[in-house]
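The values are calculated or read from the model by the stated rules, or taken from the named source; none is laboratory data. On a predicted model such as this, the values are computed, not experimentally measured, just so you know. Here the Cβ is made from the backbone with ideal geometry for all residues, glycine too, and neighbour counts use every protein chain on show.
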Amino acid sequence: MARKPDYGIDAPGVIRNMFIAGALFLVVALVFPKVTIGPLVFLLIPGFFWPAGWFFLTGILMLIYALAGKFRHRERMLAKVSWNSSEQVLDVGTGRGLLLIGAAKRLTSGHATGIDIWNAEDLSGNGPEGLKANIAMEGVGEHTTILSEDAQKVSFADGTFDVVLSNLCLHNIYNKPGRAKACSEIVRVLKPGGVAVISDYKHVREYASEFTKNGLRVELCSLDWTGTFPPLRMLVARKTA
């Protein structure tokens, strides 16, 4: 049987911890249904079932996004670009290539470059080898390049790319000045008339502010409560031609 591309499970440690926490609350509720302290009796079952259910539900919703929702979200992101098949594309935080490969499939004379530092906490099996395998299986090798680079300092010349994409990456820069630097690098490498499509579950208004300060026209999309979990928000930033 032919192998299929594997785009990994997003935030695998967080999902694991959600299920562990849910199981712990459930065990406590079942093993210790009540606690007696002097004349007082405390029923733990109702109090502990609610957090158990919350943790389990959160883990399940995150898993659904990782297995199916992110593919629909990718298409919504890519639909924000008016493709002509000749674009030079940069995917910031490419991981196992979900956006990179999706963009490359829309290119004939264009080229897509993916950069990452491949943090194992962000995605299961995160690394260039898994990405290379997906590129080969998807048949987009001639239209893709991958580089190990930090989003805060990229090696490309000013105005290199027509399109910059990034999903669930910039929040992993844990300080605001670092995120601002990553945003300014996106602005720097974007061609006049180019477009950046960024998606994340937090700090998106902060990114929008940075792009606006750098002269881009920003469209901030509404949170996606139905297809992603945690709910993701997209922004579309355009550089004046």
Subset of the stretch 151-162 (residues that are of a type outside the set (Gly, Ala, Ser) and over 15 Å from VAL89 (Cβ atoms)): GLN152, LYS153, ASP158
Boolean, PHE19 is at pLDDT below 95 and aromatic (Phe, Trp, Tyr): no
Please go through the stretch 116-126 and give me each residue that is surrounded by 16 or more Cβ atoms within 10 Å (Cβ to Cβ) and at pLDDT below 95, ordered by number. TRP118, ASP122, LEU123, SER124, GLY125, ASN126
Taking only pairs six or more apart or across chains, which ones have beta-carbon atoms under 6 Å, a first residue in the stretch 61-88 that is in contact (Cβ under 8 Å) with a residue 40 or more places away in the chain, and a second residue that is surrounded by fewer than 18 Cβ atoms within 10 Å (Cβ to Cβ) and outside any loop (DSSP other than H, G, I, E, B)? GLN88/HIS111
Would you say MET137 is in a strand (DSSP E or B) and aliphatic (A, V, I, L, M)? no
Please work out if SER124 is touching a residue at least 60 places away in the same chain (Cβ under 8 Å), farther than 22 Å from LYS80 by Cα and within 14 Å of the chain's Cα centre (by Cα). yes
If you go through ILE198, ILE186, the only one that is crowded, with 16+ Cβ neighbours inside 10 Å, under 24 Å from ALA68 (Cβ atoms) and not acidic (Asp, Glu) is ILE198
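Conditions (1) of a type in the set (Val, Ile, Thr); (2) crowded, with 17+ Cβ neighbours inside 10 Å; (3) closer than 17 Å to GLN88 by Cα, marked per residue:
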| site | (1), (2), (3) |
| --- | --- |
| SER109 | no, no, yes |
| GLY130 | no, yes, no |
| GLU149 | no, yes, no |
| VAL164 | yes, yes, yes |
| ASN167 | no, yes, no |
Scan THR144, THR113, THR94 and give me the residue that is buried (at least 17 other Cβ atoms within 10 Å of the Cβ), in contact with a Leu (Cβ under 7 Å, 6 or more places away or on another chain) and within 15 Å of LEU168 (Cβ to Cβ). THR94
Go through the stretch 152-176 residue by residue and tally those that are part of a loop (DSSP other than H, G, I, E, B) and under 20 Å from GLU87 (Cα atoms). 7
Inside the stretch 181-215, the number of residues satisfying the requirement of being hydrophobic (A, V, I, L, M, F, W, C) and in a helix (DSSP H, G or I) is 8
If I filter the stretch 83-102 for residues that are farther than 26 Å from LYS4 by Cα, of a type in the set (Asp, Glu), assigned by TED's automatic domain parsing to the domain that holds GLU210 and in contact with a Lys or Arg (Cβ under 7 Å, 6 or more places away or on another chain), do I get at least one hit? no
Any chance LEU131 is farther than 25 Å from VAL14 by Cα, out of contact with any helix residue (DSSP H, G or I) (no Cβ under 6 Å at 6 or more places or on another chain) and in contact (Cβ under 8 Å) with a residue 12 or more places away in the chain: no
Could you check the stretch 60-87 and list, in sequence order, the residues that are over 21 Å from ARG233 (Cα atoms) and either buried (at least 21 other Cβ atoms within 10 Å of the Cβ) or among the acidic types (Asp, Glu) (or both)? GLU87
